[in-house]
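Everything below concerns the one structure shown next.
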Amino acid sequence: MSSHELLRDSVLRVGEVSAVEGRKIYVQVDRNKNLSDMFLDGDILTNIAVNSYLEIRKGFLSIIGRVEGERVQSDKSDEWEEQGQAVNTNRRILTVALSGYIDERGVFAGGTRELPLIGNEAYLLTKQKVHLMHNLVQQGAPSVSIATLFGEDIEIEFPIDGLFNSHIAIFGNTGSGKTNTLAALYQGLIRALKQRNSERFEERTRFVLIDFNGEYRGEECLTPDKKVYNLSTRVANGDRIPVEMDALLDIEVLSILVDATEKTQKPFLRRTLRFFRQVSEANNPEAYFRGVLQSKVRDTLQLADKVRATLLIDYFEQILPDADADGNLVDLAGDLDWYNLGNEFRLRDGTAYLRTNPNRIPDTILYRQVDRFAFGASMLGNLISALYLQLIADVITNRAQNEHIAPLINRLKAKKDEIEKLFSFGGQQSFWQKNVVVVNLHDVNIEMKKTIPLLLVKKLYDEQKSEGGDRTLSLIIDEAHNILSKQSSREAETWKDYRLETFEEVIKEGRKFGVFVTLASQRPSDISPTIASQAHNYFIHRLINQADLKMISSAVSYVDRVTEESIPTLPTGTCVFSGVVTQVPLKIHVRELDELSRPSSATKKFSDVVPPVENC
């Protein structure tokens, strides 16, 4: 070993191992290493302290440990000093937890291979070894650079394969830099993949960002080459998500929209959809529908139950036009009376009793008005007519009860206008006008904010499963607690369970189909623990709430005690990165994006809102 290397080691030496208790190591610090800084080769080195790393050399093996604490211990070896001489008899003892090791090949690996021996020397880590320890990318592999090691001038490269083909969770209180991290990650990924192969990037990768607050709709945010759907339930001229005609006729989709119960309403919906498809596939759908209507009018006017018969006429009023050919309003039951003695309908002029003379039914206003029925331009309106007709048929055959099914139809009628403001059915336009799509829900009401992401994620996930191949789908959900909360009280338990089960299936099974989920939330404790714990890599910004910190402690197994305790005091833009990509947790500082590229999530300043008056 050269004299220069000996000099370097003498400067870098911290002390030696004084005790080994399992994976807990105690290092006694040399007396001359108690200054805060040291000089080496013209550089200033920060001396060893709590939360820093050190190297324990055991033969050719370098064991890496992290300082978790330190204490002072009296040194009995100084008793030989002259009486009366002022001597500091205290020695620093560091408590060190093992993080990993650097093997003979110079490769860092996490975990414990060997334990040090008492007397092994401990050294400060050089910048080269710090960089080696925090190197996440294999040589030649594609990577993204968005951050530096906190407190160090060391660039952190994130591997594209390993990070982005996994599930990612980004947690942090509002104002902690969470949104900037999300945008920086995917802006870097999109730029890197475009540069690698622009054509294959557009063909084989798809990104959907569900944006609850309209923060990512900026022209340069993520990428300028994206499609933004600015949805609105407040106005009728907002964007609409194009979906195929069959998408609405899926039993699961329709059940989600109308919050159908599993045992009564969902079977009714299934029967209605079967009937509606029969109508659609007929040579003349309107004639087919009218034929069924006329058949049910005959059955209704021959009922012996006044309550049921009157109820069904009310349902016919929901289906049939309310005016005649001249535009005059029509009373469908205007020519009918109920004959109590015979328990049947009769013509008001007294010429016929309809149960005993069914051949007179075609003379009624109700029957004749069926000839004026025509499908409308709204597919939802036509479906509602089919629901009423199916309900009429089920009530006649005692297959369904009005009080169980009517609320279902009323919910769909109430949501009809909102759904038609948000979706366009049966058009030729594709959802994937660009392979990067932002769905802006800022102007959508609370109920549909929960419904749209579920419908969209389920549709895209099913498509990805069926298409498979070498295509990937990245689902990015900002403010994920809005739809993944397990504590929501605005919805029925069955609907909430279905919503969570759908997302749990995606995050559990999606990776094998090329579906990768990124969640960002300021309240991780609100998110289902099953979903939060399934992430592979975590970016944890400042969190203060005890429930959030407890959730991180239980769900994120990669964070050590010292790092966990630092989370409430992390500066803005700084986060702890931990997961399967890195051997040890990293405290990193994510660079802030430029003004044009960053999401519009900055905190408003009163000094900007109320500028000073300029003197003339």
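Distances over 17 Å make up what percent of all Cα-Cα pairs in segment 115-210? Don't jump to the answer; show the numbers that get you there.
Values: 2911 of 4560 pairs.
The answer is 64 percent, as a whole percent.
Return the calculated 222 nm mean residue ellipticity for the chain, to the nearest 500 deg cm²/dmol, obtained by summing -39500 (n - 2.57) across DSSP H runs with n ≥ 4 and dividing by the residue count. Spell out each step's value before the answer.
Details: 20 runs with 218 residues, N = 616.
When only DSSP H runs of four or more count, the value is -10500 deg cm²/dmol.
Per-residue packing, averaged as other Cβ atoms within 10 Å, sorts the ranges 273-286, 375-388 into the order 375-388, 273-286, beginning with the highest. Separation of segment 324-386 and segment 161-196, taken as the distance between their Cα centroids, equals 63 angstrom. The calculated FRET efficiency for ILE446 paired with ASN343, based on their beta-carbon distance and R0 = 35 Å, is about 0.10.
Each distinct pair of alpha carbons in segment 247-423 adds a 1/r term; the inverse of their mean, the Kirkwood radius, is 17.2 Å.
A simple spin-label model places the labels of LYS227 and HIS404 4.2 nm from each other, with each point 7 Å out along Cα-to-Cβ. In terms of packing, defined here as the mean over residues of other Cβ atoms within 10 angstrom, the peptides 288-297, 229-238 line up highest first as 288-297, 229-238. Per residue, the convex hull around the alpha carbon atoms of segment 17-74 comes to 117 Å³. The Cβ shell under 12 Å around SER521 holds other residues with a net charge of -2, Lys and Arg each +1, Asp and Glu each -1. Taking Lys and Arg as +1 and Asp and Glu as -1, the other residues whose beta-carbon sits under 13 Å from that of HIS442 total -3. A simple spin-label model places pseudo-atoms 7 Å from Cα toward Cβ; at SER424 and SER10 they are separated by 7.9 nm.
Evaluate the relative contact order of the chain (contact order divided by residue number), counting alpha-carbon pairs under 8 angstrom at least 6 apart; express in whole percent.
Working: 1012 pairs, mean separation 122.3, N = 616.
Relative contact order comes out at 20 percent.
The protection proxy used here, the mean number of other Cβ atoms lying within 10 Å of each residue, ranks peptides 298-308, 397-407 as follows, highest first: 298-308, 397-407. For the chain, the longest principal axis of the C-alpha atoms and the axis of helix 3-12 are separated by about 60°. Phi angles of segment 214-231 translate, via the Karplus equation with coefficients 6.51, -1.76, 1.60 and θ = phi - 60°, into HN-Hα couplings of x, 8, 10, 8, x, 4, 9, 5, 6, 6, x, 9, 9, 10, 10, 9, 8, 7 Hz per residue; Gly and Pro are given as x.
Between their Cα atoms, which of LYS415/LYS605; LYS486/LYS587; LYS127/LYS178; LYS496/LYS605; LYS266/LYS306; LYS226/LYS459 are more than 32 Å away from each other? Long pairs (Cα-Cα over 32 Å): LYS415/LYS605; LYS496/LYS605.
Angle of helix 285-301 to the longest C-alpha principal axis of the chain, folded into 0 to 90 degrees and rounded to 10: 60°. For the chain, treating each Cα as an identical point scatterer without solvent, what Debye log10 I(q)/I(0) comes out at q = 0.12 1/Å? Per q value, in the given order, log10 I(q)/I(0) is -1.19.
What ranking do ASP161, ASP526, ASP548, ASP594 get, fewest neighbouring Cβ atoms within 10 angstrom at the top? Please report the intermediate quantities before stating the final value.
Working: ASP161 13, ASP526 19, ASP548 23, ASP594 8.
Sorted ascending by nearby Cβ count, the order is ASP594, ASP161, ASP526, ASP548.
Taking the fewest neighbouring Cβ atoms within 10 Å as the starting point, the ordered list for SER566, SER3 is SER3, SER566. What's the angle, to the nearest 10 degrees (0 to 90), between helix 379-396's Cα axis and the longest principal axis of the chain? Computed tilt is about 60 degrees. Look at VAL130, VAL590, VAL258 and count the other Cβ atoms within 10 Å of each Cβ; fewest to most, that gives VAL130, VAL258, VAL590. The phi-based Karplus calculation (6.51 cos²θ - 1.76 cosθ + 1.60; θ = phi - 60°) puts the 3J(HN,Hα) values of segment 26-35 at 10, 10, 8, 7, 4, 4, 8, 10, 9, 6 Hz, whole numbers, x for Gly and Pro.
A simple spin-label model places pseudo-atoms 7 Å from Cα toward Cβ; at LYS194 and LEU115 they are separated by 5.4 nm. Multiplying the residue separation of ILE365 and VAL610 by 0.36 nm and removing their Cα-Cα distance gives an extension gain of 81.3 nm.
Read the figures in this text as sums done on the coordinates, not as results from a lab. In this text the structure is predicted, and so the values were computed from the model without any measurement. Note: ideal-geometry Cβ built from the backbone for every residue, glycine included; neighbour counts use all protein chains shown.
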